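For reference, the structure discussed in these notes is given below.
The values are calculated or read from the model by the stated rules, or taken from the named source; none is laboratory data. The structure presented is a predicted model; accordingly, all values stated were derived computationally and were not measured. Quick reminder, even Gly has a Cβ in these numbers, built from the backbone with ideal geometry, and neighbours come from all protein chains shown. Calculation scope for accessible area: heavy atoms of the full protein, side chains included, ligands and nucleic acids excluded. Shrake-Rupley method; radii C 1.70, N 1.55, O 1.52, S 1.80 Å.
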Amino acid sequence: MSRIAYDPVKDRFANIIRNSRLLRTLFYKLLDLFFLRSWYVRRLLKKYASDIDRQGKWQMLDAGSGFGQYDRFILRQFSNVSIRAIDVKADYLQDCRHYFQQAINEGRISFEQKDLLELESDAVFDFSTCIDVLEHIEQDVKVMRNICKALKSGGFFLMHSPSIYSEEDAGDEESFVDEHARTGYSKEDIQEKLESAGLTPIEVAYTYGSKGHLAWELLIKYPMLWLTKIGLWALPLMAIYYIVTLPVGLLLMWLDLFDDNEKGGGIYALAKKD
């Protein structure tokens, strides 16, 4: 099977859901269901942002908002938050503006086209997320420093990225992830970079361990490869395929969430600005 790229696949989905609020909402729910990193991110947000929300109004920086799936979760989960969502893709941002203005915006979210390397902000944010973004940026420590400057003292930074153990999927013949500046991070690497940026690591752990990786192959990798190679004609086949594999994959993901993974294809870090 030939090498394929991930961004064109994402763009294809963006085109499908662009003009339908219903399809976009369904797409968000499917992302939360099928991608294990979302399970980890949502659990960490609940754990570390709930106390902030109970104290009153606060601000979130979504550094690399993409489709906006985490913004939807944050707005629905936390009643006192306002979000500044930043991304480099103008079309993604426009789609998000259209969706959130009609759905659950309530004036609590703004979208801005900006390169994170050029982010300049005073210390105004209580929390920042940066989910599967840093692996695309060569000067990742500079981005971390910019985010650190934007955080208040005591503010949290949450990132997720592929790990060094994702190399087998980032470099083999069947890979569909070719847009990365690096394969991924080790625990030691991300801790060192966070500290050099002025952040204190609190939790650093691997995701997509043996169980999560198998679930990813079953639910994401192989269907995505089929969809890219065959096109929309693969959808009926995928519907039948998921009847069998979805319950197994979801169980594997749930088990991975509670494993102390010695290694895994992903990694998250939760850090704090002193």
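Which pairs, out of 57/273; 46/89; 46/273; 47/272, put more than 22 Å between their alpha-carbon atoms? Checking Cα-Cα distances, 46/89 exceed 22 Å.
Averaged over its residues, the chain has an accessible area of 47 Å² per residue, based on protein heavy atoms and a 1.4 Å probe. With N the number of residues in the chain, Rg(Cα) / (2.2 N^0.38 Å) evaluates to 0.98.
With loop defined by DSSP as not H, G, I, E or B, and exposure as at most 14 other Cβ atoms within 10 Å, which is the longest segment of the chain clear of exposed GluC sites (Glu not before Pro)? The longest such stretch corresponds to 1-105. Set the Cα radius of gyration of region 48-104 against 2.2 N^0.38 Å, with N its number of residues, and you get 1.14. Between residue 243 and residue 48, the contour length at 0.36 nm per residue exceeds the alpha carbon distance by 66.7 nm.
Ligands, DNA and RNA left out, the 1.4 Å accessible surface of the chain is 53% carbon and sulfur atoms. In plain terms, the chain from residue 79 to residue 139 could stretch by 18.2 nm, reckoned as 0.36 nm per residue minus the Cα-Cα distance.
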